[in-house]
Structure formats: structure tokens, C-alpha cells
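**Student:** Handing you a structure now.
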């Protein structure tokens, strides 16, 4: 799918998404623990890539960090700005991030790469590498399953990945994988699909 198609799909269902998981209290406590630990271990400005309605942007900022939220969806950005007027949000594509080279200490991409076709992911990771300072970190959350296999996500076609499949792509982009975790879903979570995350450092 193109950026335009993904943006339109999320614009059309933004209100439904915000109601389901638009507040940090609706997220899994294990996710909050993981992301807080990652946030506190990084230095410099952070990017919430695929910020949606801004819940993780706020969470990063409340850890006493400078943070920028970027999303394709105009509706999400409007909601994020309305709910968090003290934070910075921009509508834009991961293919051309609105930040300078090596200017970020870290990037959170929490389920925001799932709609990127597998053949397009190397270019996105290269762009992430461009804007991340040496020693900076990236944390990616994704659905754990047969790597590169598409599935019918509620909003738009998405793709499974595994840590093993993502690692060489990250290494090619200039990152060094430092950790990963996997878990099955528990009752009450918004998604029933297995979860995984991967942390990597900019070489």
C-alpha cells in the first residue's frame, strides 16, 4: 500500500481507533514498562514514528524528554494536537522525515511499520538511520508471525515479522540489534496476535 492509501484508511477509522486505544491507560502494562526503560536509557531528542493520537508521544515526553510525533494520518495529527497542545506533531512520511541528519537520540516505531510492504522496509530503516545519531537507539514493536506474510489487519493490509528476519535489515541500515522480546497475547488486550519487539543501536 502507498502512504496515501494508509493515511486514508486510518483517517476513515481514526475515531474508532482513538476510542479503542487512544489513551495510555488502555495499553498493556508490559508495553509501558518496556518503553519507559528504553526511553530512560536513551539520550537526546526522541521521535515517535507513527504517533497516532499521541499517547506514546505524551508518555515519552512525560519522562522528561524532548519528543516529536510524526504520522501519515491528518485525523490522528489533529487529534494529537488537540489533546496534547504542548507537544510537537507533524504530518509526514517515514520516507522523508522532517528532521536533520543524526539529530535524534532514539526512534520509537511501535506497530507503525506493520503496513510497510516488505520490499519498502529497507528504505525506511535507512531513513531512520539517517536521522539517528551514532549510539542512538530504535525500538520497534510488531506482530510476530511468518516473516513478510501479509494478513488482513482491521484498518489496512499488514505484515508479520520476526526478530530474526528484521535483524539483517537493521544491520544493513547501520543498526546493531541489542535485544528482543516475544510474547503471546493475554485476555483483554486489543489484539489477539502474538507480539514482538526489537531494540537496536545506531552504529
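**Student:** Which of the residues spanning region 148-163 are surrounded by 15 or more Cβ atoms within 10 Å (Cβ to Cβ) and assigned to a loop (DSSP other than H, G, I, E, B)?
**Tutor:** 153, 155, 156, 157, 160, 162, listed by residue number.
**Student:** Can you say whether residue 140 is within 27 Å of residue 23 (Cα to Cα) and outside any loop (DSSP other than H, G, I, E, B), as far as the supplied structure shows? Can you show your working first?
**Tutor:** Values: within 27 Å of residue 23 (Cα to Cα): yes; outside any loop (DSSP other than H, G, I, E, B): yes.
The answer is yes for residue 140.
**Student:** Being surrounded by 20 or more Cβ atoms within 10 Å (Cβ to Cβ), within 21 Å of residue 17 (Cβ to Cβ) and in contact with a strand residue (DSSP E or B) (Cβ under 8 Å, 6 or more places away or on another chain): is that true of residue 109 here?
**Tutor:** On the way: surrounded by 20 or more Cβ atoms within 10 Å (Cβ to Cβ): yes; within 21 Å of residue 17 (Cβ to Cβ): yes; in contact with a strand residue (DSSP E or B) (Cβ under 8 Å, 6 or more places away or on another chain): yes.
Spelling it out, residue 109 is indeed surrounded by 20 or more Cβ atoms within 10 Å (Cβ to Cβ), within 21 Å of residue 17 (Cβ to Cβ) and in contact with a strand residue (DSSP E or B) (Cβ under 8 Å, 6 or more places away or on another chain).
**Student:** Does residue 166 satisfy the condition of being in contact with a strand residue (DSSP E or B) (Cβ under 8 Å, 6 or more places away or on another chain), in contact (Cβ under 8 Å) with a residue 40 or more places away in the chain and in a helix (DSSP H, G or I)? Step through it out loud before you land on a result.
**Tutor:** Values: in contact with a strand residue (DSSP E or B) (Cβ under 8 Å, 6 or more places away or on another chain): yes; in contact (Cβ under 8 Å) with a residue 40 or more places away in the chain: no; in a helix (DSSP H, G or I): yes.
Against the criterion (in contact with a strand residue (DSSP E or B) (Cβ under 8 Å, 6 or more places away or on another chain), in contact (Cβ under 8 Å) with a residue 40 or more places away in the chain and in a helix (DSSP H, G or I)), residue 166 does not qualify.
**Student:** Would you mind listing the helices (runs of 4 or more DSSP H) fully within region 1-120 where at least 1 residues are out of contact with any helix residue (DSSP H, G or I) (no Cβ under 8 Å at 6 or more places or on another chain) and under 27 Å from residue 146 (Cβ atoms)?
**Tutor:** On the way: elements: 3-12, 14-21, 29-41, 55-61, 74-83.
Those helices (runs of 4 or more DSSP H) span 3-12, 29-41.
**Student:** Given the options 129, 200, 123, name the one that is over 15 Å from the mean Cα position of the chain (by Cα) and either part of a loop (DSSP other than H, G, I, E, B) or modelled with pLDDT of 95 or more (or both). Step through it out loud before you land on a result.
**Tutor:** On the way: 129 fails: over 15 Å from the mean Cα position of the chain (by Cα); 200 fails: over 15 Å from the mean Cα position of the chain (by Cα).
Unique residue meeting the criteria: 123.
**Student:** From 98, 122, 53, which residue is over 23 Å from residue 11 (Cα atoms) and either without any contact (Cβ under 8 Å) to a residue 60 or more places away in the chain or surrounded by 15 or more Cβ atoms within 10 Å (Cβ to Cβ) (or both)?
**Tutor:** Values: 98 fails: over 23 Å from residue 11 (Cα atoms); 53 fails: over 23 Å from residue 11 (Cα atoms).
The unique qualifying residue is 122.
The values are calculated or read from the model by the stated rules, or taken from the named source; none is laboratory data. As the structure is a computational prediction, the values presented were derived from the model and not from experiment. For neighbour counting, all protein chains shown are included, and Cβ atoms are generated from backbone atoms with ideal geometry for every residue, glycine included.
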